[in-house]
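Structure first, then comments.
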Amino acid sequence: MAEPATLGTVAAVDAIKERTGGVGYLEGPRGGRPRRVLTAHNVVLYGTLLVIAAYFLLPLWVMLVTSFKTMDEIRQGNIFAPPTEFTIFPWIKAWAQACTGINCDGLSRGFWNSVYILVPSVVVSIAVASVSGYTLANWRFKGSEAIFTILILGAFIPYQVMIYPIAILLGKVGLFGSLWGLVVVHTIFGMPLNVLLFRNYFSSVPEELFKAARVDGAGFWGIFFRIMLPMSLPIFVVSMIIQITGIWNDFLFGVIYTSNERYPMTVQLNNIVNSVQGTKEYNVNMAATLLTGLVPLAVYFASGKLFVRGIAAGAVKG
Amino acid sequence: MLAPNTSVSIRDLTLQFGAVQVLQTLNLDIRDGEFLVLLGSSGCGKSTLLNCIAGLLEPTDGQIFIKGRNVTWLEPSERGIGMVFQSYALYPQMTVRGNLSFGLRNARVPKAEIESRVARAAKVLQIEPLLDRKPAALSGGQRQRVAIGRALVRDVDVFLFDEPLSNLDAKLRADLRVELKRLHHSLDNTMIYVTHDQVEAMTLADRIAIMRNGRIMQLGTPDEIYNRPQNRYVADFIGSPSMNFVEGHLERGTFHGADLQLALDGYRFGAPQVADRPAIIGIRPEHVATGPLVDSAPIRGEVTAELVEPMGSDTLVWAQLAGKPFRIRMDGQARVSPGDRLPIGIDPAKASLFDAKTEERL
Ligand SMILES: Nc1ncnc2c1ncn2[C@@H]1O[C@H](COP(=O)(O)OP(=O)(O)OP(=O)(O)O)[C@@H](O)[C@H]1O
Ligand SMILES: [Mg+2]
């Protein structure tokens, strides 16, 4: 067998080969720089992160273990220890039996109230905000910049100032104390932030796309539904998360603008936790609190990736 | 008022953005089936004019007619125009087929008709195999073809192009340029084409409108624009490398500038009697005769080469004439070194003479 033909050698490489005894590489750094893991910098950095993480996670841990303990075990005092006698009963009681005033059907009533408030509020507020943002971004009209500025300034007015006037207004139009009254309130208070988000997102869509659609004969709604909507899922997710968590966690508007039997879950939770009758059932309270926080938590976990993408996209253009 | 064969007619069009006058009482008549190129430097208002014709911008004043119809207040879709954008502007969530048919669906054209028109356009543009792809899965050239197709299916009277090729690489641009020309020959639509690429303008246009600061500086065939520029701006703008200018004055048919004297025999003056005045003469680098051609030139002289730029197909030589830098374009084979004495010849018939004050052609 013949040797495979060599393609001729480069003189410079040969010189290196000679010096290195045939290896062909000079000594010294080569390739990617090695990274040391255990440096002082890393120890401080990750150490700090760990401490902070523990600081935030510890209360959650305490809540979680407490909610699965019996009252007897809680009275023994070791709040960090996991339950020795695991019980699901506090969760059941929080959901279905805890008493608030005259009702003793637990948080479930509040949960469904919250759902009934949440769904229309989120749908209406996002619909209004997205169309407003689209109009402000793509159909500039005389004074549209002024309207936008006013809207943004609205975000800086403390909303406590507006509670009473809005209550009167709702009373005048006959919506006070009703579900739709609360939907209107949530829509109004969600406007500044969500319109800003949508406007910025839609202005980052190339203008020529919008022009092409107009030449193609699409009108205001045609462009909105057939061009803009299909390409704006991320920003809708962002807006939905903001609205869902905001509206679900709302306490103040719920107390003020609804009546007793329509109180949302947060108000119900407060009534359970702060009820004065009998002993404080810490395990039930913990379970009730966790139950109330479950919805926003689930929303975050389900859509975290889209959330980040949408936030990044919405921040591109001011 | 309108000539019968005008396709697009623009009357006193004015557009202001706040205090900025972007279009200044602009008048333009475009003939039926004409390929008109709007050429000008960046920011001169080409896109603005095109958007006004399309109905995407509202003019401050003036009128626009398309096929004899006053379209000034009509929606873009009602004007019988199709538009192709620099960024293609394809709808990202729709397939190529969806992109092509979007306008027809909006106009509620029957399904069968849509299908046949899309098929025809796809065939003309050779994008049939791509019909079910999304724009993201297309190359730049293919995307631009789809964008052209979107105007094609709608059977419009006037095509508007806003720098459609400037996002493509040089080779593809040249290919598509030829295709566009072919398309224009086969369609006979009026086309208005915005570019700031001179080569595109010269090769595609039936007529070129050179724009500057929202005005049209000259409207004419590529030949007129190149050989008889109406003012110094156009003369300077067209041609690469650009024209040499020598300042001096005109005296009884002879141009005097520093140590230079050019008897303008054979120069076609715009008026039968042109009074003596300060003037500027413009000579294109490629109109300076060198080598054996010098002998046949009416005016001969000699310059010293100062700098030589070989560019492959030709060579650019920098010299001095009348105390000013003077560019000479020579054959690519020419062997010239800095310091060489170079005999040159000038033909006044190919020169351009401008009034020094108004900068208009004499
Ligand atoms: N919305 C606007 N508001 C204010 N000024 C504008 C607006 N749009 C364009 N202009 C100005 O109008 C002038 C003409 O713009 P136009 O886009 O028509 O230029 P162009 O000739 O197409 O340039 P290019 O070759 O860079 O595309 C520019 O000076 C620009 O700054
Ligand atoms: Mg432009």
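The values are calculated or read from the model by the stated rules, or taken from the named source; none is laboratory data. Predicted model only: the values in this text are computed from it and were never measured. Note that each Cβ is placed from the backbone with ideal geometry, even for glycine, and that neighbours are counted across all protein chains shown. The area values use the complete protein model at the heavy-atom level, side chains included, leaving out ligands, DNA and RNA. Shrake-Rupley method; radii C 1.70, N 1.55, O 1.52, S 1.80 Å.
Chains B and A together bury some 1700 Å² of accessible area, summed over both sides, with a 1.4 Å probe. Where both partners of a DSSP beta bridge lie in chain B, what percent of those bridges are antiparallel, to the nearest 5? Around 75 percent antiparallel, to the nearest 5. Seen from every direction in turn and averaged, the convex hull around the alpha carbons of segment B:177-294 projects onto 10.3 nm².
In plain terms, if you count all Cα to Cα distances in segment A:40-87 and split them into 10 Å steps from zero, the share in each step is 26, 35, 21, 14, 4 percent. Only protein heavy atoms count here; under a 1.4 Å probe, B:His196 has an accessible surface of about 90 Å². Averaged over the residues of peptide A:214-227, the number of Cβ atoms from other protein chains lying within 10 Å of each residue's Cβ is 6. Ordering A:Tyr116, B:Tyr193, B:Tyr88 by accessible surface, largest first, gives A:Tyr116, B:Tyr88, B:Tyr193; the 1.4 Å probe counts only protein heavy atoms, with every chain in place. Accessible surface for the protein assembly as shown, divided over its residues, is 52 Å² per residue with a 1.4 Å probe. Once both labels are positioned 7 Å from their Cα atoms along Cα-to-Cβ, the gap between B:Asp340 and B:Glu115 label points is 6.9 nm. With only Cα atoms counted, segment A:108-313 has Rg and Dmax values of 19.6, 72 Å.
When the alpha carbon gyration tensor of segment B:19-106 is reduced to an equivalent ellipsoid, the three semi-axes, largest first, read 26, 17, 14 Å. Rolling a 1.4 Å probe across all protein chains gives B:Arg79 an accessible area of roughly 10 Å². Computed from the C-alpha gyration tensor, the three semi-axes of the ellipsoid equivalent to segment A:182-286 are 44, 14, 10 Å, from longest to shortest. Residues of segment B:120-158 whose accessible area, computed with a 1.4 Å probe over protein heavy atoms, drops by at least 30 Å² once all protein chains are present relative to their chain alone are B:Arg154. In chain A, the calculated helix contribution to ellipticity at 222 nm averages -21000 deg cm²/dmol per residue, counting -39,500 (n - 2.57) for every DSSP H run with n ≥ 4. Ordered from highest to lowest accessible area with the whole protein assembly present and a 1.4 Å probe, B:Glu113, B:Glu163, B:Glu58 read as B:Glu58, B:Glu113, B:Glu163.
Free of any GluC sites (Glu not before Pro) that DSSP assigns to a loop and that have at most 11 other C-beta atoms within 10 Å, the longest stretch within chain A is A:86-318.
Remark: segment B:6-230 is approximated by an ellipsoid whose semi-axes, taken from the C-alpha gyration tensor as √(5λ), come to 29, 20, 16 Å, largest first.
Given a 1.4 Å probe, show me the residues in segment B:97-117 buried by at least 40 Å² of accessible surface when comparing the whole protein assembly to the chain alone. At a threshold of 40 Å² (probe 1.4 Å), the residues of segment B:97-117 that become less exposed are B:Phe102, B:Asn106. Averaged over the residues of A:201-210, the number of partner chain Cβ atoms lying within 10 Å of the residue Cβ comes to 3.
For segment B:234-355, the calculated P(r) over all alpha carbon pairs, in 10 Å bins from 0 to the bin holding the longest distance, is 13, 46, 32, 8, 1 percent. At 1.4 Å probe size, what's the solvent-accessible area of A:Tyr263? Round to the nearest 10 Å². Counting only protein heavy atoms, A:Tyr263 exposes about 50 Å² to solvent.
Projecting label points 7 angstrom from Cα along Cα→Cβ for B:Glu128 and B:Glu247 puts them 6.3 nm apart. Sorted from longest to shortest, the spans of the Cα atoms of the protein assembly as shown along the three principal axes equal 119, 89, 55 Å. The slack between B:Arg31 and B:Asp259, meaning 0.36 nm per residue of separation minus the straight C-alpha distance, is 77.4 nm.
Here the mean projected area of the convex hull built on the C-alpha positions of segment B:244-309 is 5.4 nm². The order of B:Ile208, A:Ile168 by accessible area, most exposed first and with a 1.4 Å probe, is A:Ile168, B:Ile208. Computed from point charges on the beta carbon alone (+1 for Lys and Arg, -1 for Asp and Glu), the dipole magnitude for segment B:234-355 about its Cα centre is near 100 Debye.
Kirkwood Rh over alpha-carbon pairs of segment A:53-203, then Stokes-Einstein at 4 °C and 1.567 mPa s: what D in µm² s⁻¹, rounded to an integer? My calculation gives 66 µm²/s for D.
How high is the FRET efficiency from A:Val161 to A:Leu297, r the C-beta distance, R0 45 Å, rounded to 0.05?
According to the calculation, E is roughly 0.90.
Per atom type, chain B shows carbon and sulfur on 48% of its accessible surface, probed at 1.4 Å.
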